[in-house]
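As structure tokens, the structure follows; a few thoughts come after it.
Please treat every number below as a calculation from the coordinates, not as lab data. A quick note: this is a predicted structure, and the numbers were derived from the prediction, not measured. All Cβ positions, even for glycine, are placed from backbone atoms using ideal geometry, and neighbour counts span all protein chains on display.
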Amino acid sequence: MKKILLFVFLGISFVSFSQQKSDFWDNVRFGGGFTLGFGSQTTVGISPSAIYDFNNGLAIGAGVGYLYSEINDFTSNVYSTSIISLYQTNFNLQFSSEFDYYFANQSTFNGGSVSTNFPALHLGVAFNQGRFAVGVRYDVLYNENKSIFASPISPVVRFYF
């Protein structure tokens, strides 16, 4: 009798766990953002990420990123990791907070090189239409002596599928 009860309990647990796993992946979305800029400064970047959508408009996830920038005699290769939270309102506004940690390597064309790393906490707002969002964010941890970015304000272009 104990073996039958154990078998029934394990079977129910397995079915229950399998159902939860399926529901979990139904709420995961993949996407991210990109950066393109040409002119006096060339900037190309990509930041793929994955988020989990909760039922109340909240989404939480993680991402990685790469950014290449060239201005005058300097080039920068920047790698990053991030923790992302998004909140979607009923008015097509999406509020975001992203904690990023950057690892940057800057070099000059004459061979000099400087490596640095620094945190950033971006708070932002974006207009969201379906899977696409565009807006602006502000780095509240911005330190002009550590950051390689010229300003704490940056645009947001984000998409998730």
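Would you mind calculating the relative contact order of the stretch 15-132 from Cα pairs under 8 angstrom and at least 6 residues apart, reporting the percent as a whole number?
17 percent.
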- [ ] Determine the dipole magnitude for the chain: charges of +1 sit on the beta-carbon of Lys and Arg, -1 on that of Asp and Glu, nothing else is charged, the reference point is the Cα centre, and the result goes in debye to the nearest 20.
- [x] 680
Open item on the list: Give me a comma-separated list of calculated 3J(HN,Hα) values for the stretch 87-100, in order, Karplus coefficients 6.51, -1.76, 1.60 applied at θ = phi - 60°, integers in Hz, x for any Gly or Pro.
Closed with: 10, 9, 8, 7, 9, 6, 9, 10, 9, 9, 9, 9, 9, 10
Task: Gain upon complete extension [Glu144, Asn92; 0.36 nm per residue less C-alpha separation] - done: 15.4 nm
